[in-house]
Amino acid sequence: MKTQREGAKRKPDRPCGAERVKNSLILPAKAAKQLGMSISPRFLDALRDRLTLSDIIGQRVRLSRAGREFKGCCPFHKEKTPSFYVNDEKQFYHCFGCGAHGDAVGFVMQHDNLSFPDAVEILAAKAGMEMPKQTPQDIRKAKKQQSLHALIEETTRFFEASLQDPANREALGYLQDRGIAQDTIARFRLGFAPADGRALYACLKAAGFDDKDMIEAGVCARSKRDGSPYAFFRDRIIFPVTDRRGRVVAFGGRILPDHLRPPDRGDYKPPKYINSSDTPLFHKGRMLYGDSHARQAAGEGQAVIVVEGYLDVISCFSAGYRGAVAPLGTALTEEQIQHLWKMIPENRKIPIMCFDGDDAGRRAAARACERLLPLLQPDHSALFAFLPEGQDPDSLIRAQGKKAFDKIIADALPLSEFLWMHHTAGRSFTTPESKAGLAKTLEQEADKIADRAVQQYYRQAFRERLYQSFRPARPARGKSGSVKSLPTGIQALRRPVSDPRSRAEQILMAAFINHPDVISAFDEQIGLLRVTHQRLDLLRQAVLNIHEGEEGLDAKTLQNHLSNRGFDSELRGILSESVYVHAGFVRPETAPDLVVAGVRETMDALDRTAFVQELKEAGQALSEDFSAEKEERIMALRNVHKAQE
């Protein structure tokens, strides 16, 4: 009988990441050529000869000796019993559980989620080998980059040492007060730039670096007064920015709070954050803060989450979200979006973009949509997550813990859902023209998508949503023509009734229940409001009574009170998409000023409707029985209406 290992030529039960890269073992020259590099098979053979495979893998996987080989639990699929073997003599690894197989290059590519040339370059550095160069220009460029990398590394060490210097204990204390542990400070290589603008320059000069390289690397600038170099970052917490290989290539700097730094001179207010300018090593529109950590996390199946700032990334990482990244002082670019998708090894490439819950956050989300739509491809998109107003991931996690952020991520919206909410929030769709305008806007959004298949499905999704939201409600009928009753326990889909007045009443109640803070602005109007539906009128009275009896009432508390008073059915009907689509301003996330404006417009529309109805009834009465008294009544109604215009 064949042993498991002898019969291991079977296909794995599911595709394993290592299978995708095993061609680096079989066809290295072809792979290198496709990637625009001249890496010969001879170079790769020499590289393997200088490396011990178990040492490379052992830095990432716990291995134990098994005869001539090593074994451990496979890093490419979950298992409790080791079936992953490493053979130094034959220079390959193999998993008998999932079929993963390859050499050192293939392992680093998959485990660290790197490209072929990046993996080769990392291993070459470990082996003390120089990468092959194509031309004299490539050699000069490589030497230049090597020099700049060394300069940046020396600068990083200077900033790290400055942070730990007792003279700068306020800076270290600031990070610790924000809950950043010492091991996290070390992992992200956080530092401090002292206020002395010559200290870094003196350090780099002593290390043998020249002024030109310091300025080209972006760590120094020339004084406009005398042309002498000085440190670009001063009196700031430093966040080193790494490339995908984990090498520091740039920096971000945050000022300390006012109470921890000297008073500002004159009227000058320094910016809260400054970032390195573009250099031969760094392009802010292409790179992401936290890239090297997130790339490895994505390779392990963790979600990639885009947040706004450095501290957001660090807080997410500390909370277990190791796939967090942030753009570098600019809005997310097309190149960064493509970079995010490449970072995710699975077929479904759906990063989560996290935005503040205020108006600025929603505008930022809308700008991200503008960049995303033309790039969409099958299974390439994004989810949109929104934080409570006034919060960012850092403040939310510090104040409420990981569970609060878990919920934000779990509630992330698909791109199509965000577009729908973005174009309906704060708007009323009570006329055919407004509905047609929404349909046109959504069609224009779909037009931006270059991929024909994705574009077609977006059009279809928008049209179905419009139809479901605006079609008139029709009761289901049985064969006999009678209205068909639903089985017990089945909740019918509620839609606003076709009567404009009843719909307006539902809209007003939704606004007040979702936004109790605006009730005070309309106390008198709500008290005088004539509601035609009996249960809705009882709900109106209950809302007023609860609001009057409880200060600081919020939406959740109000809804709980109403539910306890038996208004569950009304709440389900009113607080629903079927009402929101006709008046986006009543949604829970709408800003208060938009709610107030929408309520005022709806109440004005109700007054106009009431006037028209009253005038119609007075005219009907006059036509049936003419009298001077009834004629005066019509004239009085018209005068009142004219005075209100």
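Which condition number does ILE449 fail, the rest of (1) touching a Ser or Thr at 6+ places or on another chain (Cβ under 9 Å); (2) surrounded by 17 or more Cβ atoms within 10 Å (Cβ to Cβ); (3) modelled with pLDDT of 90 or more being met?
Of the numbered conditions (1) touching a Ser or Thr at 6+ places or on another chain (Cβ under 9 Å); (2) surrounded by 17 or more Cβ atoms within 10 Å (Cβ to Cβ); (3) modelled with pLDDT of 90 or more, the odd one out for ILE449 is (1).
Residue under question is GLY598, and the condition is that it be modelled with pLDDT under 85, small (Gly, Ala, Ser) and closer than 17 Å to HIS515 by Cα; does it hold?
The answer is no for GLY598.
Return yes or no: is PHE282 touching a strand residue (DSSP E or B) at 6+ places or on another chain (Cβ under 6 Å), assigned to a loop (DSSP other than H, G, I, E, B) and aromatic (Phe, Trp, Tyr)?
It is true that PHE282 is touching a strand residue (DSSP E or B) at 6+ places or on another chain (Cβ under 6 Å), assigned to a loop (DSSP other than H, G, I, E, B) and aromatic (Phe, Trp, Tyr).
Working only within segment 64-82, note down all residues that are out of contact with any Cys (no Cβ under 7 Å at 6 or more places or on another chain) and either assigned by TED's automatic domain parsing to the domain that holds ALA297 or touching a residue at least 24 places away in the same chain (Cβ under 8 Å) (or both).
PRO75
Can you work out which of the residues in segment 311-333 that are surrounded by fewer than 18 Cβ atoms within 10 Å (Cβ to Cβ) and either in a strand (DSSP E or B) or out of contact with any Gly (no Cβ under 9 Å at 6 or more places or on another chain) (or both) is modelled with the lowest pLDDT?
Per the stated criteria, the residue is ALA331.
Within segment 183-215, how many residues turn out to be polar (S, T, N, Q) and more than 29 Å from PHE317 (Cα to Cα)?
Here the count works out to 0.
Scan the strands (runs of 3 or more DSSP E) fully inside segment 83-201 and keep the ones with 1 or more residues being outside the structural domain of GLY227 (by TED's automatic domain parsing) and closer than 30 Å to PHE70 by Cα.
84-87, 92-95
Do any helices (runs of 4 or more DSSP H) lying entirely in segment 362-467 carry at least 3 residues that are outside the structural domain of ALA326 (by TED's automatic domain parsing) and aliphatic (A, V, I, L, M), and which ones are they?
432-447
Check whether at least one residue in segment 231-239 is at pLDDT 90 or above and surrounded by fewer than 16 Cβ atoms within 10 Å (Cβ to Cβ), and report yes or no.
No, there is no match, as no residue in segment 231-239 is at pLDDT 90 or above and surrounded by fewer than 16 Cβ atoms within 10 Å (Cβ to Cβ).
For LEU466, which of the numbered conditions (1) touching a helix residue (DSSP H, G or I) at 6+ places or on another chain (Cβ under 9 Å); (2) over 16 Å from GLY584 (Cα atoms) fails to hold?
Among (1) touching a helix residue (DSSP H, G or I) at 6+ places or on another chain (Cβ under 9 Å); (2) over 16 Å from GLY584 (Cα atoms), LEU466 violates only (2).
Name the residues in segment 534-560 that are assigned to a loop (DSSP other than H, G, I, E, B) and either of a type in the set (Lys, Arg) or crowded, with 17+ Cβ neighbours inside 10 Å (or both), would you?
LEU553
Inspect all residues belonging to segment 219-230 and state whether any of them is over 20 Å from GLN145 (Cα atoms) and either of a type in the set (Asp, Glu) or under 22 Å from the mean Cα position of the chain (by Cα) (or both).
yes
The values are calculated or read from the model by the stated rules, or taken from the named source; none is laboratory data. Keep in mind the model is a prediction, meaning the values are calculated, not measured. When we count neighbours, we look across all protein chains shown, and the Cβ atoms used for this are built from the backbone with ideal geometry, even at glycine.
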